[in-house]
Amino acid sequence: MAQKKGLRSSSSDDPEELARVPLQAVLLADSFATKFRPITLERPKVLLPLVNAPMIDYTLAWLESVGVEEAFVLCCAHSQQVKDYLNKSQWMKQQGTFAVQPIESRDSISAGDALRAIYNFGVIRGDFVLVSGDTVSNMSLKEALQEHKERRKKDPLAVMTMVIKQSKPSSLTHQTRLGNDEILMAIDPDTKELLYYEDKTDQSQRFITLDKMLLANTPTLHLHNDKQDCYIDICSPEVLSLFTDNFDYQHLRRHFVKGLLVDDLMGYKIFTHEIHSSYAARIDNFRSYDTISKDIIQRWAYPMVPDVQYFGSCSQMKLDRLGIYKAPEVNQSRTAQIRAFSLVGNGTTIGDHSEISNSVIGQGCTIGRNVSIQGSYIWDNVIIEDDCKLSHALVCDGVHLRAGVVLEPGVILSFKVEVGQKIVIPAYSKVSLLPQPSKQDSDEELEYADANSGVVESPSITSIVNTRNVDPVPDSSDAEHSDTSEVGISGVGYIWLTSEGGHEEEWRHSIAPIPAEKLMEFFLSAHADLEVSNQDVNSLPASGELQVDSESTGFDDGEDYRDSADFEKEVEATFHRALAGVNQDNVILEINSLRLSYNMSHADCAGSLFYSIMRSALAFPHSCNRELLLNTGKELGRWKDLLKHYLKTIDEEIEVLLKFEEMCLETAKEFAPLFSAILNHLYEKDILSEDAILSWAEEKEGADESDKIFVKQSEQFLKWLREASEDEDE
Amino acid sequence: MPDVQALVNDFVLKLKRRKIEGSHASARHTAELLRSVISHQRMRQTNQAGALIDAVKAVGEQLIAANPVELAVGNIVRRVLHIIREEDLSSTATAIEGLGLSAGSDDDDEGQYEDRPALSAAALAAAARSTLRAPSLQTLLGDIPGSAVTPQPPSSWGDSEGKSKSADKNLRSRKLKHDVIEAINELIQDIDTCHEQVSEQAVEHIHQNEVILTLGRSRTVKEFLCAAKEKNRSFRVFVAEGAPRYQGHVLAKELVGKGIQTTVITDSAVFAMISRVNMVIVGAHAIMANGGVVAPVGINMVALAAQRHAVPFVVVAGSHKLCPLYPHNSEVLLNDLKSPSDLVDFGEFSDCMDFGSHGGSPLLHVVNPAFDYVPPKLVSLFITDTGGHNPSYMYRLIADYYSADDLVVKQRSTS
């Protein structure tokens, strides 16, 4: 009903605005992220099917329903595919009040670039809706638009209205259901002005830092961590020029929103509009793909549900009890079972005794006998042979799974991958026909790799296809990539290596549910935190205020915590240059300047430098601990002077020791058995003074058993030190 | 022609996107659309009625498929088909009557004789068809002289006859189209005035100092109650709020605005209050051929409570809600599941729908059906614009309004 009203109000002539500008929308048909790789190497994200309809259809349908008259679809990566799709779709054919116009901007690699391109086209004349092509919503924009317009009349600096929605973050993982990080917003409850926005809250810190000016200027403000950013913005044309003026704005939230909030020179303001009953969410990663699919199946996005045929193209679905959607022509065996919250597309065949639950199956798939599919997303024309087991996997178009394949939770199979018989694909693997682009390029926020970007050398499975008679045992020509052959005989595809973070990050964004042990971990740490905060009488909000009132320097302070890791990396990079033969004095200069720019202490420098030295020692090839010890000794001898430069006082020496201990425990466990030997070495080389070592040992007296491993290990050495010092005293 | 196609597509999209909802609005729009389809239909020389029927069926199939829940669309399509058949028959009948008259007169003997065989064939077909039709129309065709006419041998067919026949046909076709459009206009008017016609009967049913119970909000019920009030009946109304859309609140406001004593109760209090109620009056989404009712959710519960306490259960509905299908028909999609956001606040429950934990399958499922089905045995009386009827009488009304050939619009055109 609300949508109907919205449409009417926009189509009826507003008497007060004679020169009425049609409501325009900018749809970014690119996410400028790599979260959906490897799938997005072959097809743009907006065309990926979400419950059997391309994501962009949901967004366009929503834009049409809220009364947008002109929508500009900005195509960046795979622009041709997006354009072809739009040309074929109903959106371009449709006459009437809704016009879709694709704009091509191939060289945009960020949302900022895209908006600058839009500005150059000069098509935006009034307020516009800025939305990404992966947004699912059924909200009515009428109110938000009205509010925005009224605010604009009063205050021309109110350039943007951001749509937010209440959604509790998971108490355990500090994440929202959509797999994003928890977002912290400070909102003025009266004016709804957004005062603070932080989407990368560091969970290890149990407090946040606000600029004290914020509290001075606004009488009341509410801090929210239960709001979800819907990534639907109503913007004034100034937003585009702001992007053009600040050419370094790349990311909509990280740069633009935060930039505006921090910058008080221009005084631009951002407001929020909260929606309650309607639905809005953006597909940002595989976890949100899963969550939003389930929301659609559970009809939160009504009327954009499969049986309503909101988009003319899809075939008619029938909704049975318990959320089972079936297309009219499903060839299902009598003994096959389709369980709750599943969708089966047109022309799909399901064999005897197969079971499907919580899954979406596309059109024209063939599923064999005794197949079990759980919580998976299977796109069109997939062939799954007998006895396969799929749980929480995503399987793209044209994939062929031969008999007995097992997909463990979180597996992604990209287009046309083939998997040989009885192969088990390990959890969180990503398999694609295209080889994985090299690392350097993958941090770039690109949706697709350049053709000339580096390619990791890995044995192609096609070679195995050619030599079918070869023993199934992997031919480990390259030790690092031997797992490629897990795709099996007659399989085609490369297994992608997981990124730097490894499994640590993988489970956060995967389709698979969070593993039980992870939940347990979080549960325990949450309880530990609870105890801490109980001791600390002032819980979160109070401590936040205290922080502001004290002499801290607002935002800079907050950045320190984030930057310490960066600093470490920078120091390591500098040190590597030193290895390559840069003069030591220059290295000291560089580190000093780094220290100043990151606002670090001498102790931090010493720690980082020591860390780098040890890393370099570790990098030398070694076969046993003895060799490692020798290497370490050599390295320490070589860089002694450099290190000494930063070890002016005992505090810094202790910092180095602590760092060393941390390394042994976490990053470089190889050193653990050698701890006392290296400690001895450090003492002999005069890097660490005996006072430092002794006070370190004293400090550790009161610590936990687990913390004392290294104290115990070096007990003998400490004893000797103590005796020596006593001797001297006498 | 293209502009009609655009109109059809536009309407189909609107139905698909649920921009037109409610039986009254969709019935009216359907009738208007079909009127323009018919008026733009180019007429061929032969079998104009057949051409019209095919055109309407083709459009009707799309409309029905666009939103199968909105049964009124299908009803109107079938009504229009029935109108075409009817007009075709009656124009044939009048032509034959005219023939009978002119046969008596003196002018143009030759042409008359040559025209006779074709017309008589049509008349025979019409007579054959009329046996299938409702007896109420039999009287109209009772005095067809066609049966008396003896068919002429085909050898007597000449060239001149072709011309005169085509001229006559042309006239007839234009007349047929004109008649059909007239009839559709009447249908549209019927749809528009159904509320008044239903509420005219209000005083016969609502008596002084009665207590009436209703659930949710139906425009027909509102008009019905207001009409009784305008005739100076004083009565009291219990309004069950009709969760989750709470349309009952709106109705209560409107009734109070008209000066009717109103009490708002929760849906769950219906059973407690029913013993004090003299009559239950509710609206409907559709009335099925067996006398069952598709009505907003919660009404079945009210009907059961009314039966338990022997309170008359009255359904008021315009005749466009009369559906010639049975609820067990597979193509009748009886329910529409709406968004759960009507029931629960998404924000409050978002942590229950965290698919990251609990093994990926949601433990919480919120169901929000739009309709209930009330079996015919629970309904005491239907009040439509043609008067009060028993549930068991519905099939007769349906025979009046629809022709049996049109019950399955879809299968005929796809095969």
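Comparing the full protein assembly with the isolated chain (1.4 Å probe, heavy atoms, ligands and nucleic acids excluded), the residues of the range A:382-397 losing at least 10 square angstrom of accessible area are A:H392. The largest accessible area among A:R254, B:R18 belongs to the first residue in A:R254, B:R18, and the rest follow in falling order (1.4 Å probe, all chains).
Write down the accessible area per residue of the range A:23-288 in Å², having rolled a 1.4 Å probe over the full set of protein chains. Please report the intermediate quantities before stating the final value.
On the way: 9290 Å² over 266 residues.
In whole numbers, the range A:23-288 has 35 Å² accessible per residue.
Interface size between chain B and chain A, please: total buried accessible area, 1.4 Å probe, rounded to the nearest 100 Å². Don't skip to the answer; put the middle values down first.
Values: alone 20170 and 34260 Å², together 50790 Å².
Heavy-atom accessible area buried at this interface is about 3600 Å².
Kindly identify residues of the range B:359-395 having a loss of at least 50 Å² in accessible area between the isolated chain and the assembly of all protein chains, probe radius 1.4 Å. Correct list: B:P362, B:H365. Within the assembled protein chains, the solvent-accessible surface assigned to B:D3 is about 80 Å², based on a 1.4 Å probe. Of A:H353, B:H207, the order by accessible heavy-atom surface (1.4 Å probe, DNA, RNA and ligands excluded), from most exposed downward, is A:H353, B:H207.
Go through A:K93/A:K142; A:K142/A:K165; A:K154/A:K192; A:K318/A:K416 and tell me which ones have a Cα-Cα distance over 20 Å in this structure. Write down the numbers at each step before the final one.
On the way: A:K93/A:K142 26 Å; A:K142/A:K165 16 Å; A:K154/A:K192 15 Å; A:K318/A:K416 29 Å.
Violating the 20 Å Cα-Cα cut-off are A:K93/A:K142; A:K318/A:K416.
Share of carbon and sulfur in the accessible area of the range A:23-288 stands at 51%, probe radius 1.4 Å. Heavy-atom accessible surface of B:H365, to the nearest 10 Å², is about 70 Å², with a 1.4 Å probe and all protein chains retained.
Ignoring ligands, DNA and RNA, please state the percent of accessible area on the range A:565-729 from carbon and sulfur, probe 1.4 Å. Before the final figure, lay out each step's value.
Working: 4100 of 8480 Å².
Carbon-and-sulfur percentage of accessible area, whole number: 48.
Note every residue of the range A:86-119 with a reduction of at least 10 square angstrom in accessible area, all protein chains present versus the isolated chain, computed with a 1.4 Å probe, or write none. Hits at the 10 Å² cut-off: A:Q90, A:Q94, A:Q95.
Taking all protein chains as they are arranged and a probe of 1.4 Å, the heavy atoms of B:C352 leave approximately 60 Å² accessible to solvent. For A:K634, the shell of other residues with beta-carbons less than 15 Å away shows a net charge of +1, using +1 for Lys and Arg and -1 for Asp and Glu. Across the range A:249-330, C-alpha contacts under 8 Å between residues 6 or more apart give a mean separation that, scaled by the residue count, equals a relative contact order of 13 percent.
Once you list every other residue whose beta carbon is under 15 Å from the beta carbon of A:N370, what net charge do they have if Lys and Arg are +1 and Asp and Glu are -1?
Numbers: positive: A:R334, A:R369, A:K389, A:R402, A:K422; negative: A:D352, A:E355, A:E385, A:D386, A:D387.
Spelling it out: positives minus negatives among the neighbours equals 0.
Which pairs break 30 Å Cα to Cα here: A:K168/B:K338; A:K430/B:K19; A:K227/A:K389; A:K640/A:K700? Over 30 Å apart, Cα to Cα: A:K430/B:K19; A:K227/A:K389. Length, then width, then depth: along the principal axes, the Cα atoms of the range A:565-729 run 42, 36, 31 Å.
A cut-off under 12 angstrom between Cβ atoms defines the neighbours of A:Q309, and their net charge, with Lys, Arg +1 and Asp, Glu -1, is +2.
The values are calculated or read from the model by the stated rules, or taken from the named source; none is laboratory data. From a predicted model like this one, the values you see are computed outputs, not experimental measurements. Please note: Cβ atoms are built from the backbone with ideal geometry, for glycine as well, and neighbour counts cover all protein chains shown. In case anyone asks, the SASA skips ligands and DNA or RNA and just uses the protein heavy atoms, side chains included. Shrake-Rupley method; radii C 1.70, N 1.55, O 1.52, S 1.80 Å.
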